[in-house]
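The values are calculated or read from the model by the stated rules, or taken from the named source; none is laboratory data. A quick note: this is a predicted structure, and the numbers were derived from the prediction, not measured. As a convention, Cβ positions derive from the backbone with ideal geometry for all residues, glycine included, and neighbour counts pool all protein chains shown. These area figures cover heavy atoms from the full protein model, side chains too; ligands, DNA and RNA do not enter into them. Shrake-Rupley method; radii C 1.70, N 1.55, O 1.52, S 1.80 Å.
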Amino acid sequence: VQVLRNAGEEVTLTVSFLKRAPAFLKLPLNEDCACAPSDQSSGTSSPLCDSGLHLNYHPNNTDTLSCSSWPASPGLRWEKRWCDLRLIPLLHSRFSQYLPGSDLCRQNAFQVIAVDGVCSGIIQCLSAEDCIDWLQAIATNISNLTKHNIKKINRNFPVNQQIVYMGWTEEREQDSLQDRMYTPKFLALRGSSLYKFIAPPVTTWDWTRAEKTFSVYEIMCKILKDSDLLDRRKHCFGVQSETGEDLYFSVELESDLTLWEKAFQTATFLEVERIQCKTYACVLESHLMGLTIDFSMGFVCFDAATKAVLWRYKFSQLKGSSDDGKSKIKFLFQNLDTKQIEAKELEFSNLFAVLHCIHSFFAAKVACLDPLFVGSQATASAAPTTSGTGKLKYAT
């Protein structure tokens with residue numbers, strides 16, 4: 001390298017052929033292979049040491065020999081083997097077709113980033129079909145490894161704290177002035193909470209250091225249609241927190257989006273089924289009240305001081321509702337006896353949490369009536385999980 005730097009603007013390269021060195025794609029027949037470095041070389045290695053060609057003493061011996069230990073024997077044979085250049089552990093790794101932090105998609109190319117930050121570099125495919133096949137294969141392997149890992153971790157957690165989902169997403173930054181539009185985030189659904197991490201949790205202590213946590217039954221998740229997308233990224237979903245904060249996430253494949261949607265539905269259903277009811281403080285005509293959303297009974301409003309029930313309605317009696325976006329909710333219930341619509345207005349300090357909780361209870365109620373959903377939950381809990389190879393291997 002130093003010689004080339006000092007050679008000036010024009011460089012003349014002379015290529016010489018070493019007669020005793022075999023061609024890369026030919027096998028020497030009964031010839032000595034001394035592999036002695038030429039006078040011009042540094043003497044550290046021969047080009048054949050890095051070419052994927054290796055010597056064998058015996059047909060059963062596949063050990064790679066260093067240049068210094070190659071014997072001059074007439075019985076030696078060259079063989080072509082794959083040489084690993086880089087290994088990318090796929091457990092908790094992520095991949096992306098987009099330029100880092102942007103919504104610009106590479107054409108038929110992607111990169112894989114391991115959990116420890118090791119990057120594959122840009123992998124360029126010959127066609128869009130080949131690129132999708134590679135991405136789907138890698139995604140399937142990561143998914144299988146994640147399921148296997150979740151199964152092992154759940155052995156150490158009680159029933160009400162089981163992990164339902166773990167995986168990488170990219171969160172869109174709220175500040176549009178930032179150069180980096182998207183930042184990798186690791187999401188996990190465990191027990192009653194949605195966790196947002198900057199890195200996958202490895203130890204039990206890591207679960208206490210999440211960037212943010214949300215109650216799954218007090219947040220709203222929406223799979224975004226093409227008309228709802230904010231930029232050129234596809235496969236996005238939004239999450240509205242209990243405080244009304246809107247979060248925007250992107251995943252790489254449609255299958256990733258489907259996996260997230262099913263996992264969120266499952267986590268919400270399991271938590272609603274576990275808690276059965278949730279009570280929120282509210283105000284009715286300057287009096288402190290309580291509204292209980294009960295999975296079996298429906299809506300129950302009671303006086304906070306005397307615990308006396310003011311009114312009670314089933315979920316099926318709710319015919320409509322509206323809110324002012326701040327604190328008030330107006331419910332429209334149908335009286336089963338008179339068939340008349342009765343309006344009930346309550347004021348809450350945590351409006352979005354109440355609205356999302358009602359939606360979660362309704363969704364869980366509907367899911368109970370869907371045999372396909374209930375059947376899938378039973379199958380998911382009983383089906384064994386297997387692990388893939390666990391590594392993305394580069395070879396030449």
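Remarks
- Condition check for Thr169: in contact with a Lys or Arg (Cβ under 6 Å, 6 or more places away or on another chain) and not in a loop (DSSP other than H, G, I, E, B): yes
- The stretch 116-126: number of residues that are touching a strand residue (DSSP E or B) at 6+ places or on another chain (Cβ under 7 Å), part of a loop (DSSP other than H, G, I, E, B) and free of Cβ contacts under 8 Å to residues at least 40 places away in the same chain: 4
- Test: residue in the stretch 286-305 that is out of contact with any Ser or Thr (no Cβ under 8 Å at 6 or more places or on another chain), farther than 15 Å from Cys221 by Cβ, of a type in the set (Ser, Thr, Tyr) and in contact (Cβ under 8 Å) with a residue 60 or more places away in the chain: no
- Within the stretch 270-283, tally of residues that are open to solvent by 20 Å² or more (accessible area, probe 1.4 Å), in a helix (DSSP H, G or I) and not aliphatic (A, V, I, L, M): 2
- Lys222 being within 25 Å of Pro100 (Cα to Cα), in the same structural domain as Ile198 (by the TED database), in a loop (DSSP other than H, G, I, E, B) and basic (Lys, Arg): no
- Filtering the stretch 105-115 for residues that are open to solvent by 50 Å² or more (accessible area, probe 1.4 Å) and without any contact (Cβ under 8 Å) to a residue 40 or more places away in the chain leaves a non-empty set.
- Residue within the stretch 351-360 that is open to solvent by less than 20 Å² (accessible area, probe 1.4 Å) and part of a strand (DSSP E or B) present: no
- In this entry, Asp130 is excluded by the filter for residues that are free of Cβ contacts under 8 Å to residues at least 24 places away in the same chain, under 19 Å from Tyr248 (Cα atoms), open to solvent by 40 Å² or more (accessible area, probe 1.4 Å) and among the charged types (D, E, K, R).
- Filtered residues of the stretch 221-241 (kept if open to solvent by 20 Å² or more (accessible area, probe 1.4 Å), without any contact (Cβ under 8 Å) to a residue 40 or more places away in the chain and either touching a Phe, Trp or Tyr at 6+ places or on another chain (Cβ under 7 Å) or under 23 Å from Leu355 (Cα atoms) (or both)): Lys222, Ile223, Leu224, Lys225, Asp228
- Test for Ser286: is it hydroxyl-bearing (Ser, Thr, Tyr), within 24 Å of Cys368 (Cβ to Cβ) and either open to solvent by 40 Å² or more (accessible area, probe 1.4 Å) or touching a helix residue (DSSP H, G or I) at 6+ places or on another chain (Cβ under 9 Å) (or both): no
- Residue check, Glu218 out of contact with any Pro (no Cβ under 8 Å at 6 or more places or on another chain), surrounded by 15 or more Cβ atoms within 10 Å (Cβ to Cβ) and acidic (Asp, Glu): yes
- Ala367 aliphatic (A, V, I, L, M), at pLDDT below 95 and over 37 Å from the mean Cα position of the chain (by Cα): no
- Of residues in the stretch 145-190 being more than 24 Å from Thr208 (Cβ to Cβ) and free of Cβ contacts under 8 Å to residues at least 24 places away in the same chain, the one most open to solvent (accessible area, probe 1.4 Å): Leu177
- Enumeration of residues in the stretch 289-318 that are more than 38 Å from the chain's Cα centre (by Cα) and either outside any loop (DSSP other than H, G, I, E, B) or not assigned by the TED database to the domain that holds Leu346 (or both): Met289, Gly290, Val300, Cys301, Phe302, Asp303, Val309, Leu310, Trp311, Arg312, Tyr313, Gln317
- A search for C-beta distances below 9 Å between a residue of the stretch 308-322 that is free of Cβ contacts under 8 Å to residues at least 60 places away in the same chain and any residue that is surrounded by 14 or more Cβ atoms within 10 Å (Cβ to Cβ) and of a type in the set (Gly, Ala, Ser), counting only pairs 6+ apart in sequence or on different chains, returns Arg312/Gly298; Tyr313/Gly298; Lys314/Gly298; Phe315/Gly298; Ser316/Gly298; Gln317/Gly298; Leu318/Gly298.
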